[in-house]
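The values are calculated or read from the model by the stated rules, or taken from the named source; none is laboratory data. Remember, predicted model here, so these are calculated numbers, not experimental data. Using ideal geometry, Cβ is built from the backbone for each residue, glycine included, and neighbour counts are taken over all protein chains shown.
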């Protein structure tokens, strides 16, 4: 697995991947992903397996409170689930946030996505990171 920041040349692949997450995740527009690649790439990592897009996380540092990071979307291709891709992507976002001195990660999810909530809780649970349900 190779993890790299979101880049403009991956927009079409990202839209295709995100469409596999419906109804819980819906693809954003190409212009949204262009902005993510241009302005937020350090917290929008992509995972590739054999040069194919296997997963993505889109997270953003708050402009109002730079100690907060919001995780908007977490998506792993169905053929690559349960192989540690989401863990690797979220760990990378958490590491970047810690490097910036951030104190909180936010994630909203549907009640049916309890596994995602458990994964994020395990990955970010540290004495200095509050986890609220």
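Does residue 99 count as surrounded by fewer than 20 Cβ atoms within 10 Å (Cβ to Cβ), at pLDDT below 95 and closer than 22 Å to residue 1 by Cα? For residue 99, the condition - surrounded by fewer than 20 Cβ atoms within 10 Å (Cβ to Cβ), at pLDDT below 95 and closer than 22 Å to residue 1 by Cα - is not met. Among the residues in the stretch 35-50, are any outside any helix (DSSP H, G or I), under 22 Å from residue 91 (Cβ atoms) and without any contact (Cβ under 8 Å) to a residue 24 or more places away in the chain? Yes: one or more hits. Could you tell me whether the stretch 3-26 includes any residue that is at pLDDT below 95, at negative phi and surrounded by 17 or more Cβ atoms within 10 Å (Cβ to Cβ)? Scanning the stretch 3-26 turns up at least one residue that is at pLDDT below 95, at negative phi and surrounded by 17 or more Cβ atoms within 10 Å (Cβ to Cβ).
Might you check whether a residue that is in a loop (DSSP other than H, G, I, E, B), more than 17 Å from residue 2 (Cα to Cα), modelled with pLDDT under 90 and within 13 Å of the chain's Cα centre (by Cα) occurs anywhere in the stretch 103-122? For the stretch 103-122, residues in a loop (DSSP other than H, G, I, E, B), more than 17 Å from residue 2 (Cα to Cα), modelled with pLDDT under 90 and within 13 Å of the chain's Cα centre (by Cα): present.
Would the stretch 61-79 turn up any residue that is surrounded by fewer than 12 Cβ atoms within 10 Å (Cβ to Cβ), in contact with a helix residue (DSSP H, G or I) (Cβ under 8 Å, 6 or more places away or on another chain) and either within 20 Å of residue 18 (Cβ to Cβ) or at pLDDT below 90 (or both)?
So the first thing to find is which residues in the stretch 61-79 are surrounded by fewer than 12 Cβ atoms within 10 Å (Cβ to Cβ), and the list is 63-65, 78-79.
If we keep only those that are in contact with a helix residue (DSSP H, G or I) (Cβ under 8 Å, 6 or more places away or on another chain) as well, we get none.
For the stretch 61-79, residues surrounded by fewer than 12 Cβ atoms within 10 Å (Cβ to Cβ), in contact with a helix residue (DSSP H, G or I) (Cβ under 8 Å, 6 or more places away or on another chain) and either within 20 Å of residue 18 (Cβ to Cβ) or at pLDDT below 90 (or both): absent.
Apart from one condition, residue 34 fits all of (1) touching a strand residue (DSSP E or B) at 6+ places or on another chain (Cβ under 8 Å); (2) at pLDDT 95 or above; the exception is (1).
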